[in-house]
């Protein structure tokens, strides 16, 4: 992967961009619910309730909501590259914004622990896709989004969670989200570790293509990074080629 250049350092979002990413994440979620309303004509309280949950999550852990905003940008760029209908792009974008919603019910001492999690704490953390799926299961028109959120921690080799799905058993939107979620997590500071340099994160994606990740999605994602560098990479575009 030498063509990616050197000296990328760690990905970080300038302070001025944090509020913008949060607003975009909330706007995407709200627009997703507006589309559901148009299709299903259900209660107008649904969008406000979902947005309120995201606000609560942001107040509890702003970094999680900012992460959702970045994942939404990355996952949407990947989805738009695939030869699939606009509905798929909507599903991927909505799932990216909502994929960590279940962390609202993870205890703060686990969510923000400044060190490695114990096995028991990991069991709690691994519940978050199921918890988010339970919330989304009650929203008409959101079945595909719910499935993507529920399965975004499945592995291509069947060793993921919560259901151990493998290969094409995993919804395509979840396979897209798995790659973008992992990349942004690796290249962002977490309470228990420093961010990984971009080059190393790319090597990890390539190394785990076919085991943790869908190899075809990894290929498309790397193409996106080359051709459409994310806006928070301003000034780094030349080093990607």
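The values are calculated or read from the model by the stated rules, or taken from the named source; none is laboratory data. Computed from a predicted model, the values in this text were never measured in an experiment. Here the Cβ is made from the backbone with ideal geometry for all residues, glycine too, and neighbour counts use every protein chain on show.
Taking the numbered list (1) free of Cβ contacts under 8 Å to residues at least 40 places away in the same chain; (2) under 21 Å from residue 223 (Cα atoms); (3) within 15 Å of the chain's Cα centre (by Cα) in turn, residue 188 passes all entries but (1). Determine if the range 94-116 includes at least one residue that is without any contact (Cβ under 8 Å) to a residue 24 or more places away in the chain, farther than 24 Å from residue 56 by Cβ and either out of contact with any strand residue (DSSP E or B) (no Cβ under 6 Å at 6 or more places or on another chain) or crowded, with 16+ Cβ neighbours inside 10 Å (or both). The answer is no, given that none of the residues of the range 94-116 is without any contact (Cβ under 8 Å) to a residue 24 or more places away in the chain, farther than 24 Å from residue 56 by Cβ and either out of contact with any strand residue (DSSP E or B) (no Cβ under 6 Å at 6 or more places or on another chain) or crowded, with 16+ Cβ neighbours inside 10 Å (or both).
Count of the range 202-224 residues, restricted to those that are free of Cβ contacts under 8 Å to residues at least 24 places away in the same chain, crowded, with 16+ Cβ neighbours inside 10 Å and farther than 20 Å from residue 174 by Cβ, is 0. Within the range 80-88, does at least one residue satisfy the condition of being surrounded by 17 or more Cβ atoms within 10 Å (Cβ to Cβ), assigned to a helix (DSSP H, G or I) and without any contact (Cβ under 8 Å) to a residue 40 or more places away in the chain? Within the range 80-88, not a single residue is surrounded by 17 or more Cβ atoms within 10 Å (Cβ to Cβ), assigned to a helix (DSSP H, G or I) and without any contact (Cβ under 8 Å) to a residue 40 or more places away in the chain. One residue is enough: does the range 182-199 have a residue meeting the conditions within 16 Å of residue 76 (Cβ to Cβ), in contact with a helix residue (DSSP H, G or I) (Cβ under 9 Å, 6 or more places away or on another chain) and not in a helix (DSSP H, G or I)? Within the range 182-199 (the criterion being within 16 Å of residue 76 (Cβ to Cβ), in contact with a helix residue (DSSP H, G or I) (Cβ under 9 Å, 6 or more places away or on another chain) and not in a helix (DSSP H, G or I)), the answer is no, since none of the residues qualifies.
Being in a helix (DSSP H, G or I) and either within 16 Å of the chain's Cα centre (by Cα) or modelled with pLDDT under 95 (or both) holds for only one residue in 235, 141, 133, and it is 133. Being surrounded by 24 or more Cβ atoms within 10 Å (Cβ to Cβ), more than 19 Å from residue 225 (Cβ to Cβ) and touching a helix residue (DSSP H, G or I) at 6+ places or on another chain (Cβ under 8 Å) is the requirement here; does residue 62 meet it? When the stated conditions are applied, residue 62 does not pass them. Within the range 144-166, can one find any residue that is in a helix (DSSP H, G or I), within 24 Å of residue 53 (Cα to Cα) and free of Cβ contacts under 8 Å to residues at least 24 places away in the same chain? Yes, some residue in the range 144-166 is in a helix (DSSP H, G or I), within 24 Å of residue 53 (Cα to Cα) and free of Cβ contacts under 8 Å to residues at least 24 places away in the same chain. With respect to the conditions (1) touching a helix residue (DSSP H, G or I) at 6+ places or on another chain (Cβ under 9 Å); (2) within 17 Å of residue 161 (Cβ to Cβ), residue 98 falls short on a single one, namely (2).
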